[in-house]
Amino acid sequence: MTNSFYTPSTVTEHTTARGSDINAITSAVETAFDKLPTEANIKQGTINFQPTDTGSANTYVIVMADTTIPISSYPDGFECSFRPANNSSGASTLNVNSIGATAIKQYDGTPIEAGDISTTRICKVRYNSTAGFFTLDASTDAAASATSAAADAVLTAADVVSTNADVVSTGNDVTATNADVVLTNADVSAIAADAAQTALDRIATAADKVATNADVVTTTQDAIDTAADVVSTNADVVSTGNDKTATNADVVSTNADVVTTTQDAIDTAADVVSTNADKVATNADAAQTALDRIATAADKVATNADVVTTTADAVTTTQDAIDTAADATQTALDRIQTGLDRTAASNSATAAALSATAAAAAAAPAEEVAVAMAIALG
């Protein structure tokens, strides 16, 4: 069993093996194992991976890390992968182990375009000796870009939904504040009405953003459809050759997983949009309740205004009664004053009579004085 790894030495049966024979066999086995990839490369799947690219944009240069691969020319089906140091801006070449710069093209032979090779993705190529160029693995090119764009769109939708949730929460806070202020008085009720209207405007804005989110979801669905088309194209690529079958099958599976993940993200975004719509409806109900309270407060204010009017009328009537009583009191006082004046005059007359009587008493006998006083005192 002679091969490129091991050329065995034979030992004759039923004979004693010499140490040199055993050592020769052991040495041959060690040489064979030295030609194999390291255990780490096998376990990590990095046998043909080179993380360092020493070239420039569109001119990629690598040296295989595994020195046990003694290639001097590119064999048909040779595959390798590397992390590019620069993004591609157009047609590009790859030089492996200084064998020679060879074009990197799409599976159909068209040159790669700007962005097909990116520093954010591992670049995998396979050599086609019939065509004389490296074929860019489908998972490296636009399919990955399309699915990545779809994922970015979903994340953007999630950010917008989160912003809408903050706006709805703010609307809830404003509505609660309006409900607390409603019953103060007519002026505060007017302010609360304005605040409630503002809340409704914000809710309407949130509803518009929810609609925008729905558009984003639709755009993401379109991106998924595009990715699905790419998956279909990759399936066609799988049928082009046995050498590409295994790689393209892996790419198709990966793209299918990406599509599934993106669909799950869209479903999650749709659930968030539905939840936001429910919150918008709840806020609308709360705003309507606030408006109903405002209307009730306005009715109470109108009732209070009627009570004030009735009270004012009662005050006017009372004032008229007070004025009438004051006039009657003044008339009574005038009459009392007249009586007092008359009493004073009578007292003056009585005093004069008493003085006259006293004078007469001094000149008349006591009996006449008594009679005169009796007459004076009537």
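Of all residue pairs spaced 6 or more apart or on separate chains, those with beta-carbon atoms under 8 Å, a first member in segment 93-112 that is among the basic types (Lys, Arg) and a second member that is surrounded by fewer than 18 Cβ atoms within 10 Å (Cβ to Cβ) are Lys105/Pro111; Lys105/Ala131.
Every residue, every condition in (1) in a helix (DSSP H, G or I); (2) among the acidic types (Asp, Glu); (3) not assigned by TED's automatic domain parsing to the domain that holds Ala190, yes or no:
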{"position": "Val301", "(1), (2), (3)": "yes, no, no"}
{"position": "Ala314", "(1), (2), (3)": "yes, no, yes"}
{"position": "Asp327", "(1), (2), (3)": "yes, yes, yes"}
{"position": "Thr331", "(1), (2), (3)": "yes, no, yes"}
{"position": "Arg335", "(1), (2), (3)": "yes, no, yes"}
{"position": "Gly339", "(1), (2), (3)": "yes, no, yes"}
{"position": "Thr343", "(1), (2), (3)": "yes, no, yes"}
{"position": "Ala349", "(1), (2), (3)": "yes, no, yes"}
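Among residues of segment 84-112 being modelled with pLDDT under 95 and within 45 Å of the chain's Cα centre (by Cα), the one that is nearest to Ala57 (Cα to Cα) is Tyr107. Looking at (1) outside the structural domain of Ser118 (by TED's automatic domain parsing); (2) at pLDDT below 75; (3) among the acidic types (Asp, Glu), which is the one condition that is false for Asp66? That leaves (1) as the condition not met. Filtering segment 69-106 down to residues that are β-branched (Val, Ile, Thr) and crowded, with 20+ Cβ neighbours inside 10 Å, which residue is farthest from Lys124 (Cα to Cα)? Ranking the candidates gives Val96 first. For segment 258-265, state whether one or more residues are within 22 Å of the chain's Cα centre (by Cα), under 30 Å from Thr198 (Cα atoms) and modelled with pLDDT under 80. No; the residues of segment 258-265 include none that is within 22 Å of the chain's Cα centre (by Cα), under 30 Å from Thr198 (Cα atoms) and modelled with pLDDT under 80. Within segment 272-292, being surrounded by fewer than 18 Cβ atoms within 10 Å (Cβ to Cβ) and modelled with pLDDT of 80 or more holds for Ser274, Thr275, Asp278, Thr282, Asp285, Gln288, Thr289, Leu291, Asp292.
The values are calculated or read from the model by the stated rules, or taken from the named source; none is laboratory data. The structure displayed is predicted, hence computed values, not measured ones. In this analysis, Cβ positions are derived from the backbone assuming ideal geometry, glycine residues included, and neighbour counts consider all displayed protein chains.
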